1. Name the residue that is nearest to Phe201 (Cα to Cα), counting only residues in region 95-134 that are open to solvent by 30 Å² or more (accessible area, probe 1.4 Å) and among the hydroxyl-bearing types (Ser, Thr, Tyr).
2. Open to solvent by 20 Å² or more (accessible area, probe 1.4 Å) and more than 15 Å from the chain's Cα centre (by Cα) - does that describe any residue in region 251-260?
3. Considering only residues that are within 23 Å of Thr215 (Cα to Cα) and out of contact with any Lys or Arg (no Cβ under 9 Å at 6 or more places or on another chain), look in region 78-94 and name the one that is surrounded by the most Cβ atoms within 10 Å (Cβ to Cβ).
4. Mind listing just one residue for me: the one in region 141-176 that is assigned to a helix (DSSP H, G or I) and not polar (S, T, N, Q) and, of those, most open to solvent (accessible area, probe 1.4 Å)?
5. Here's a check for you: in region 308-326, which residue that is in contact with a Pro (Cβ under 9 Å, 6 or more places away or on another chain) and in contact (Cβ under 8 Å) with a residue 24 or more places away in the chain is farthest from Gly187 (Cα to Cα)?
6. If we keep just the residues of region 62-77 that are in contact with a Pro (Cβ under 6 Å, 6 or more places away or on another chain) and buried (at least 20 other Cβ atoms within 10 Å of the Cβ), which is nearest to Ala118 (Cα to Cα)?
7. Of the conditions (1) touching a helix residue (DSSP H, G or I) at 6+ places or on another chain (Cβ under 9 Å); (2) in contact (Cβ under 8 Å) with a residue 40 or more places away in the chain; (3) more than 24 Å from Val128 (Cβ to Cβ), Phe298 satisfies every one except a single condition; which number is it?
8. Mind checking which pairs have a first residue in region 178-202 that is over 19 Å from Glu325 (Cα atoms) and of a type in the set (D, E, K, R) and a second that is open to solvent by 30 Å² or more (accessible area, probe 1.4 Å) and modelled with pLDDT of 90 or more, Cβ under 7 Å, 6 or more apart or different chains?
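The values are calculated or read from the model by the stated rules, or taken from the named source; none is laboratory data. Because the structure is a prediction, the values reported are computed rather than measured. Ideal geometry is used to build each Cβ from the backbone, glycine not excepted, and the neighbour counts take in all protein chains shown. Please note that ligands, DNA and RNA were not included when accessible areas were found on the heavy atoms of the full protein model with its side chains. Shrake-Rupley method; radii C 1.70, N 1.55, O 1.52, S 1.80 Å.
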Amino acid sequence: WLACSSAPKMTARAPRRALALHSLLAAFLALRWLLSGSDGQGILLAQLEGTLPRGPPAPQERDLVAMGVPKEWAADVSDLAWRLRDLGDADGLTHPLMLLRFLVSWKNVTKTEAVMRATKDWRGKVNVLGIMQEWGVPDGKAVWRRKPQTLRAQVADQHCCIGRLTCKTGSGGPIMVARAGHCDLDGIVREGLGDLMMNQFVFALEEILQVTHATSVKREELVLGVVVVDFSGFSLSSLRHMSFARRCAAIMNLYYPELVTTVVIVNAPSLFGHIWRLTSFLLSENTQKKVRIFGRDFEEGLKAALGISKADLPSCLGGIKSDDELPAGERVPKGAGSSLDR
């Protein structure tokens with residue numbers, strides 16, 4: 001209608017070139033009106049005008065399967081990749097196998113998109129790359145190894161109780177050890193080291209994420225790690241600092257999903273049932289299902305769950321490996337945080 005009503009009446013003197021240009025303009029106006037007529041058409045018009053990032057095309061499902069994405073997840077991964085095309089892939093967050101990791105945890109594509117956008121924002125706010133550079137050094141492609149570079153990182157490392165072992169599970173996944181019974185939460189809170197220790201906790205989570213992701217890309221399948229939690233020496237007084245534990249759990253549950261296949265708790269004391277009732281809510285429901293609990297005799301359970309023997313562990317857990325692979329987990333002396341730049 002616009003094209004017809006806008007055209008000038010034909011006269012013998014009307015220049016043909018002017019008539020052609022006028023008709024082209026009218027056709028463009030008609031096309032614009034058509035494209036803005038519905039939500040889908042409006043999006044297309046916005047793309048034509050440059051208000052939405054075009055980005056690469058959505059990956060084909062067959063290509064995703066070839067990269068290691070299970071066939072039953074390929075359509076959702078492709079959809080999620082297209083939705084997140086504006087994020088780029090500078091930090092590997094939108095790699096298909098990383099998208100799969102988040103999807104497996106959150107199940108729903110729309111919810112996963114929201115979580116991943118929140119994750120991208122959070123990583124920028126806390127400066128994850130800066131944390132990795134301060135607490136570690138590159139150890140191969142896209143992988144970091146704990147090696148504190150600043151005074152405050154060295155102090156935090158002395159009192160930290162979580163680290164990655166050099167050995168791996170039978171399936172090639174990394175092994176993290178958390179010495180819960182050696183974590184001096186009383187001293188950490190007293191000296192105001194909470195934020196500093198949180199940075200080291202983020203380093204540990206990012207380290208296992210990067211290792212599992214690099215292994216996944218190499219093996220063309222989703223690879224997960226495991227966590228061994230040692231409760232020897234655990235004191236009920238630590239339960240007074242549940243707010244710190246909540247902060248750790250919130251970061252782990254939201255921004256680092258689907259990191260491990262199993263959480264093995266060893267040297268669980270006789271009152272561990274009471275401790276578990278008070279603390280299990282901190283873990284996501286999915287993670288709670290992965291927990292295996294053993295007392296002091298845990299060698300057979302460790303072999304069955306992780307595919308490794310007790311000898312593969314550091315000496316602090318009854319193995320023959322050096323304890324130097326882990327942070328010292330020392331008590332926090334008074335005045336430890338007074339001279340630190342936090």
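1. Only one residue tops the list, namely Ser105.
2. No: region 251-260 contains no residue that is open to solvent by 20 Å² or more (accessible area, probe 1.4 Å) and more than 15 Å from the chain's Cα centre (by Cα).
3. Applying the filter and picking the extreme gives Leu80.
4. Of the residues in region 141-176, the ones assigned to a helix (DSSP H, G or I) are 151-159.
Subsequent filtering for residues that are not polar (S, T, N, Q) retains 151-153, 155-157, 159.
Values: Leu151: 112, Arg152: 55, Ala153: 0, Val155: 23, Ala156: 2, Asp157: 21, His159: 7 Å².
Result: Leu151.
5. Of the residues in region 308-326, the ones in contact with a Pro (Cβ under 9 Å, 6 or more places away or on another chain) are 320-326.
Subsequent filtering for residues that are in contact (Cβ under 8 Å) with a residue 24 or more places away in the chain retains 321, 325-326.
Details: Lys321: 28, Glu325: 23, Leu326: 20 Å.
It comes out as Lys321.
6. Of region 62-77, the ones in contact with a Pro (Cβ under 6 Å, 6 or more places away or on another chain) are 64, 67, 69, 77.
When the remaining residues are screened for being buried (at least 20 other Cβ atoms within 10 Å of the Cβ), the result is 64, 69, 77.
Numbers: Leu64: 24, Val69: 23, Val77: 18 Å.
Looking at the filtered set, the residue picked out is Val77.
7. All conditions are met except number (2).
8. That search, which allows pairs on different chains as well, returns Asp184/Arg331.
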